[in-house]
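Novice: The structure is given below, and queries will be raised subsequently.
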Amino acid sequence: MKIIHISDLHLDTPFQGMSHIYNSQRQTIQAQRFFNQQLERLLQEEIQVVFCHGNHDFIREGYSQLHYPEGIHLLKDESVSKVQLTTRNEETLTVYGFSYCHQSLTERMIDQFPVNQDNRSNVIGLLHGALQTSHPQQNRYAPFTLQDLKDKQYSYFALGHIHKPQILSEFPLIQYAGTPQGRHRNEVGAHGCYLICLLYTSPSPRD
């Protein structure tokens with residue numbers, strides 16, 4: 001089973017230092033249309049999409065939201081929800097995650113992620129956040145510890161928020177994909193996305 005991990009698109013943002021950073025109020029119609037067109041291309045190839053909003057494009061109450069193509073799985077609020085997928089090869093995958101509805105989120109959202117009780121099933125966590133620090137005022141983005149993530153016993157944790165690709169754990173695999181493209185002159189080095197291959201195993205039979 002293959003998955004693509006892309007994070008921190010910052011859709012429609014200019015190179016930092018030349019203009020203001022993108023947020024949901026300033027996203028252009030052209031950018032929205034382009035994004036939807038690319039989602040449609042994925043759906044046409046039977047590639048399923050699960051995505052969440054982060055702190056830069058948080059979902060604002062009272063503002064109209066972009067209508068995504070039917071078949072796209074959007075995590076819609078600040079509560080951890082579950083998406084169950086079945087691939088065209090009849091492989092099953094469970095995804096847990098949430099979206100931001102505010103510019104910051106001090107709650108430890110990781111506590112809402114259920115533990116994977118069946119180590120034969122493929123489970124992925126989507127988490128836009130940062131490692132917890134000893135300074136409470138710095139824990140503004142769904143703070144977590146590495147041990148928190150390991151304790152969930154997931155096949156993979158797809159992390160967002162940090163713009164530099166980095167691996168926090170190799171087993172289980174937990175990593176930030178970084179941004180597809182650097183947003184200012186200090187964000188140099190490799191950028192892009194991860195292609196992850198998961199070893200598929202059939203779920204254990206129920207009693």
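The values are calculated or read from the model by the stated rules, or taken from the named source; none is laboratory data. Keep in mind that what you see is a predicted model, and the values were worked out from it rather than measured. Cβ coordinates were reconstructed from backbone atoms using ideal geometry, including for glycine residues, and neighbour counts include every protein chain displayed. We work out accessible area using only protein heavy atoms, side chains counted, and drop any ligands, DNA or RNA first. Shrake-Rupley method; radii C 1.70, N 1.55, O 1.52, S 1.80 Å.
Novice: Considering only residues that are surrounded by 12 or more Cβ atoms within 10 Å (Cβ to Cβ) and either over 17 Å from the mean Cα position of the chain (by Cα) or more than 18 Å from Phe51 (Cβ to Cβ) (or both), which ones fall in the range 188-197?
Specialist: Within the range 188-197, His191 is the sole residue that qualifies.
Novice: Let me ask something additional. Pairs, please: C-beta under 6 Å, at least 6 apart or cross-chain, first residue free of Cβ contacts under 8 Å to residues at least 40 places away in the same chain and in the range 108-128, second part of a helix (DSSP H, G or I) and crowded, with 20+ Cβ neighbours inside 10 Å?
Specialist: none
Novice: Among the residues of the range 143-182, what is the count of those that are touching a strand residue (DSSP E or B) at 6+ places or on another chain (Cβ under 8 Å), among the aromatic types (Phe, Trp, Tyr) and either open to solvent by 80 Å² or more (accessible area, probe 1.4 Å) or free of Cβ contacts under 8 Å to residues at least 24 places away in the same chain (or both)?
Specialist: 0
Novice: Look at the range 41-62 and say how many of its residues are part of a helix (DSSP H, G or I) and touching a residue at least 60 places away in the same chain (Cβ under 8 Å).
Specialist: So the count comes out to 0.
Novice: With Arg185, Arg140, Arg206 as the choices, which residue is among the basic types (Lys, Arg) and either open to solvent by less than 70 Å² (accessible area, probe 1.4 Å) or at pLDDT 95 or above (or both)?
Specialist: From the options Arg185, Arg140, Arg206, the qualifying one is Arg140.
Novice: Look at Thr94 and say whether it is out of contact with any Phe, Trp or Tyr (no Cβ under 6 Å at 6 or more places or on another chain), surrounded by fewer than 21 Cβ atoms within 10 Å (Cβ to Cβ), modelled with pLDDT of 95 or more and under 25 Å from Leu42 (Cβ atoms).
Specialist: Taking the combined requirement at face value, the residue satisfies it.
Novice: Can you find, within the range 30-50, the residue that is most open to solvent (accessible area, probe 1.4 Å) among those that are at pLDDT 90 or above and charged (D, E, K, R)?
Specialist: Taking the range 30-50 as the starting set, the residues that turn out to be at pLDDT 90 or above are 36-50.
In the following step, the residues that additionally are charged (D, E, K, R) were identified as 40-41, 45-46.
Working: Glu40: 81, Arg41: 150, Glu45: 114, Glu46: 121 Å².
The selected residue is Arg41.
Novice: If Arg120 satisfies all but one of (1) open to solvent by 40 Å² or more (accessible area, probe 1.4 Å); (2) within 18 Å of Leu199 (Cβ to Cβ); (3) in contact with a helix residue (DSSP H, G or I) (Cβ under 9 Å, 6 or more places away or on another chain), what's the number of the condition it fails?
Specialist: (3)
Novice: Can you tell me which residue among Leu131, Leu66 is closer than 22 Å to Tyr194 by Cα, in contact (Cβ under 8 Å) with a residue 12 or more places away in the chain and surrounded by 14 or more Cβ atoms within 10 Å (Cβ to Cβ)?
Specialist: So the residue among Leu131, Leu66 that is closer than 22 Å to Tyr194 by Cα, in contact (Cβ under 8 Å) with a residue 12 or more places away in the chain and surrounded by 14 or more Cβ atoms within 10 Å (Cβ to Cβ) is Leu131.
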